[in-house]
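I have placed the structure first, in the form of structure tokens, so that the comments after it can refer back to it.
None of the figures in this text is laboratory data; all of them are computed from the coordinates on show. Bear in mind that the values here come from a model prediction, so they are computed numbers and not experimental data. Don't worry about glycine lacking a Cβ; one is built from the backbone with ideal geometry, like all the others, and counts go over all protein chains shown.
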Amino acid sequence: MKRFKEKTVIITGADSDIGRATALRFAQEGANCIIVGISSDILEYIYEDLPQDHTWINTGNHLTVTSDVNDPSQTARLIEHVLDKYEHIDVMVNIDTEIGIHQAAIPELIKTQGNIVNVSTLTDIPVDWDIDTYKAEQRNLTDITKKLALKNIPNNVRINAVAAGLVATGDSSNPFVALSPLGKTATPFDVTAAVMFLASEDAAVITGMNLPVDGGVSTFNS
């Protein structure tokens, strides 16, 4: 069964490995995907891989949008553009992007009783990085998520987060793995699996949660 059939899903920060994996998975499960980022070339590359529903009268049931979601005016145009084509918004996934876009999307999510999943990753490890810094970042993400979730419980809009640490792609080295009790860290597929769960009806009674997908790093390191 396709859990997101005819659902409209906006994915910001989509011009990334996690963005590509997330868009593919949502599209495979029936969603209309709006992939948003700052690199039009990467977005088009991802778009070409998305499965299309050819029962549609007009070709293409996905959309690429080159936009800076930190700019309120661009965010407003993005939401307007999506509504013009799909008429509703059901899920928003924010990958390493600012949460300001929530304010533009929430009024539409209230109408559909939709939800938001924020994804936080370590895209780079600075020289002075340590586990305490990482856990402080996770606490901050948890606090933000809880506040937004509590504010929107009366609106029936769920808001959750996924904390992914330093995500491994291909054969790239990953110094984060040395801290992992499981001896491995997340791949884009692992992160996407958590996002799909939180965005689906399987998580209908979950809100305000930050789900670590980091090989146990945040759970077992002090």
**OP:** Evaluate the relative contact order of the chain (contact order divided by residue number), counting alpha-carbon pairs under 8 angstrom at least 6 apart; express in whole percent.
**Re:** 18
**OP:** Determine the distance separating the Cα centre of segment 1-41 from the Cα centre of segment 61-96; give it in Å without decimals.
**Re:** 12
Subject >> Choice from Ile159, Ile46, Ile11 showing the highest fluctuation, given a GNM over the chain with Cα pairs closer than 10 Å >> reply: Ile46
Subject >> Calculated P(r) of segment 8-220 - Cα pairs past 29 Å, % >> reply: 23
Original post:
Taking 0.36 nm per residue of separation and subtracting the Cα-Cα distance, what length does fully extending Gln74 through Ile206 add?
Top reply: 44.5 nm
Original post:
Using only helices, what value at 222 nm comes out for the chain when you add -39,500 (n - 2.57) per DSSP H run of length 4 or more and divide by the total residues, to the nearest 500 deg cm²/dmol?
Top reply: -12000 deg cm²/dmol
**OP:** Consider all pairwise Cα distances in segment 1-112 and report the whole-number % of them above 23 Å.
**Re:** 20
Original post:
Hey, with R₀ at 41 Å, roughly what FRET efficiency would Lys184 and Ile38 work out to, going by the Cβ-Cβ distance, to 0.05?
Top reply: 0.85
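Count charges around Asn156 for me, please; just the other residues with Cβ under 14 Å from its Cβ, Lys/Arg as +1, Asp/Glu as -1. Before the final figure, lay out the partial values.
On the way: positive: Lys111, Lys151, Arg158; negative: Asp90, Glu108, Glu201.
Its environment carries a net charge of 0.
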